[in-house]
Amino acid sequence: MRWWDLDRVMELEEELFPEDAWSRGMFWSELAHARGRDATRHYVVAESGSRLVGYAGLAVFDRTGDVQTIASARDHWGTGLGARLLTDLLTAATTFECREVLLEVRVDNARAQRLYERFGFEPIGIRRGYYQPGNVDALVMRLSDPAAPGVATAASADTNASTETNASTETNTSTETSTSTANTAASVNPANPATSVQGTETHG
């Protein structure tokens, strides 16, 4: 994800999360930490033709990854796009040498929870009233080793479900920025950002 993607990102963000969408400034703040030698963020967008149909982001703190957001357009729900976006984030977490990856998901979102469980995430706690203004609790989930072979197996099974959406990714964990395109296809408290998998949907 780059600054020129933000108009399209904001359109999808506000459509999916009308009550608690991230602001443009929040995305700018995240992207400010996604480039250069000391990068601590990884953000990706998914496009179908010229249309942006999904996006996702990961933050890293002391070798712990935190899924900030995963979102896919409603007409791409059930296509495997959410799984491909999550796969991209876990690949980035491995590059960042993360020992674990955390996320929050709504307790009433069984579909998203099933996706995360397939990737090896396990529930570790509840955050009461995390999602506002609806006062919905968040289930905190953890993946203990994003580089484990079982994670790769789950990712392969899910991402093979659909192959038509391209995700333009940028990885910033070395001196030089690496930009690639892969077949991979939110409001957050900025002090404690969470996740948003739409179409599986997790939003924090």
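Quick notes on this structure:
- Here the ratio of the Cα radius of gyration of region 106-149 to 2.2 N^0.38 Å is 1.26.
- Solvent-accessible surface (1.4 angstrom probe) belonging to R2, in square angstrom, nearest 10: 60
- q = 0.11, 0.18 Å⁻¹: log10 I(q)/I(0) that the Debye formula gives for region 1-126, counting C-alpha atoms only: -0.37, -1.05
- For region 99-106, 3J(HN,Hα) computed residue by residue from phi via the Karplus equation (6.51, -1.76, 1.60; θ = phi - 60°) reads 8, 7, 10, 10, 7, 10, 9, 4 Hz, glycine and proline entered as x.
- Full-extension gain in nm, R111 to D62, via 0.36 nm per residue minus C-alpha separation: 14.7 nm
- Ranked by the mean number of other Cβ atoms within 10 Å of their residues, highest first, the peptides 107-114, 43-50, 63-70, 79-86 come out as 79-86, 63-70, 43-50, 107-114.
- Solvent-accessible heavy-atom area per residue, rounded to whole Å², over region 55-138 at 1.4 Å: 41
- The orientation-averaged shadow of the Cα convex hull for region 76-137, equal to a quarter of the hull surface, comes to 5.0 nm².
- Gain upon complete extension [I124, R74; 0.36 nm per residue less C-alpha separation]: 15.1 nm
- Solvent-accessible area of region 1-70 (1.4 angstrom probe, protein heavy atoms only): carbon and sulfur portion equals 47 percent.
- Contact order, relative form, for region 85-141: 34 percent (alpha carbon pairs under 8 Å, 6 or more residues apart, mean separation divided by residue count).
- Annotation: amide H-H contacts under 5 Å for S48 (H modelled 1.01 Å from N, sequence separation of 5 or more, or interchain): V53.
The values are calculated or read from the model by the stated rules, or taken from the named source; none is laboratory data. These figures come from a predicted structure and were not determined experimentally. Quick reminder, even Gly has a Cβ in these numbers, built from the backbone with ideal geometry, and neighbours come from all protein chains shown. For the accessible areas, the whole protein counts, side chains as well, though only heavy atoms, and no ligand, DNA or RNA atoms are used. Shrake-Rupley method; radii C 1.70, N 1.55, O 1.52, S 1.80 Å.
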